[in-house]
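The values are calculated or read from the model by the stated rules, or taken from the named source; none is laboratory data. Because the structure is a prediction, the values reported are computed rather than measured. Cβ sites come from the backbone with ideal geometry, for glycine too, and all protein chains shown count toward neighbours. Calculation scope for accessible area: heavy atoms of the full protein, side chains included, ligands and nucleic acids excluded. Shrake-Rupley method; radii C 1.70, N 1.55, O 1.52, S 1.80 Å.
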Amino acid sequence: MRPRSLGARIVAAFVVLAFAAWLAIGATMFVILRGLDANATTSALADISQTFLVRFSNTVAQRDLQAIVAEIRSGVADSGTTIHVLRANGRLADLGDGGGTGSGGGGGGGPEPEEAIVIPADSTRGQTVSGSVPYTDGKQHLYAATVLRNPTAAGLGPRAIILSRVDQSGAEAFRDVLRSLPIVILVTLLVGGPLAVVLSRSVAGPLRRLASAASNLPLTAGEPLPLEGPSEVRELTDRFNAMAAELAATRAGESELLANLRHDLRTPLTVISGFAAALADGTATGEAAARAATAIEEEAGRLEALVEELGAIERLRMGADGIHPEPTDAGAVLRAAGERFESTASARGVALVVDEPTEGWPTFGADKLALDRILANLIGNAMAVVSSGGEIRLSARALAGYPGLVGPAVALSVSDDGPGFPPGGSDRAFERFYRGDPARTGQGSGLGLAIVMELALAHGGTATAENLSPRGARVSVVLPVVPSRT
């Protein structure tokens, strides 16, 4: 059955890898030990043949040769060593006993090589040739052939003595491997087992914390997880923490939005409910009834404007309202906005001034309807907080560049000498329903600047808010000369 957990899979992978390593180590040890055993056997045979070489001379008689071979054979009788004498003509010598062989390979009761053992023609006395050949007993034999005399032109007489034993290097190597491999296995388990467990925990532990935090995300959104484990797990945890922090901020914003929305809906609904009840029970009659109807109509209009502005923001965020840029002269736009609000400003005793630039009005691409709404919201916000005798100034300036925007840009600004933003309020001025100070925001819906920001973003621009010294505030919309988003 396939392991389901990551930790179990890591341990299973370690077990499989360990088995593969044990097999590879065992096979390598077998090959090496078999070669060493074979070399040890042929070296031992060569050492025995050297004792024969010391007593052999080119003039030794056949009878003496037989006696020397018999003496050596008696000394190695218990080692399973077979002795043959190879003539210069390539035939095995007939030594007249069971340890040798007859001429041409016949006679004798001992096993003989099934293949000819070749001594190189240029081999000199004392050199040893070793190898492995099959014998007539059906087994593979290791042999060591020591050259007894230098090559002669006649090619007569003994040429080499051949000592052989059954090749048991494979069995010996296998037994050595069986004795050594348990130690390798034990060391692997003692060292690799804890490593596999530590590795499994270092990976699976942070992932389990991630899974637990994800399942309880609404409760743990503000608690960052520790960055532990491999770099990939650390990166995943870091991104999860960023996502959780963003979610926490979003949830906090949603809670504040709902609170503000509840506040904005309660006042007009209370007014509508109260006047409607007065009309229904006959309390409001005559002029009072007319005032009640007017109040209901005004509050209903305020509710309608609130819903329309909320819908406008969502449509802008979803891209439902298309932006259609066209060449725009900043001076013409600002003068038109000033003329549109001139009468309202005069009625409130507020001066509405359009600042003329020293280097001419910049031109840029923008949607005129969107631009009219941006300026209307900015001027309307300023008028809501400027008292009689105050001043609102409209200005525009060209920028060679602006952080986050591509290419040159144009900044449209609306400044006032009102109370300004409260501490920290300029950073949150473009949030929906944000009201930092009733003296600053007046009776608006709290959505005007949010709409300004969305319209600026739709052009590929942005909006900023700042306080002025000694008093007042300035809200600017920075738009690229060539809109990057349409």
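By accessible area of protein heavy atoms, probe 1.4 Å, what ranking do Glu254, Glu304 get, highest first?
So, going from the largest accessible area down, we get Glu304, Glu254.
For every other residue with a beta carbon closer than 10 angstrom to the beta carbon of Thr136, add +1 if it is Lys or Arg and -1 if Asp or Glu, then tell me the sum.
Result for the neighbourhood of Thr136: -2.
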key: Extension gain, Arg262 back to Lys368 (0.36 nm per residue minus Cα-Cα distance, nm)   = 34.8 nm
query = Which whole-angstrom value gives the distance between the alpha carbon centres of the stretch 268-305 and the stretch 344-392?
reply = 34
ask   = For the stretch 156-209, what is the accessible area per residue in Å² when the probe is 1.4 Å?
value = 55
inquiry  = For a Förster distance of 41 Å, can you work out the FRET efficiency between the beta-carbons of Arg125 and Leu186, rounded to the nearest 0.05?
reply    = 0.20
query = How much of Arg335 can a 1.4 Å solvent probe reach, expressed as accessible area in Å² and rounded to 10?
reply = 100
key: 1.4 Å probe accessible area per residue over the stretch 365-436, in Å²   = 41
message = Students sometimes get this wrong: rank Glu339, Glu112, Glu359 by accessible area, probe 1.4 Å, all chains present, largest first.
response = Glu359, Glu339, Glu112
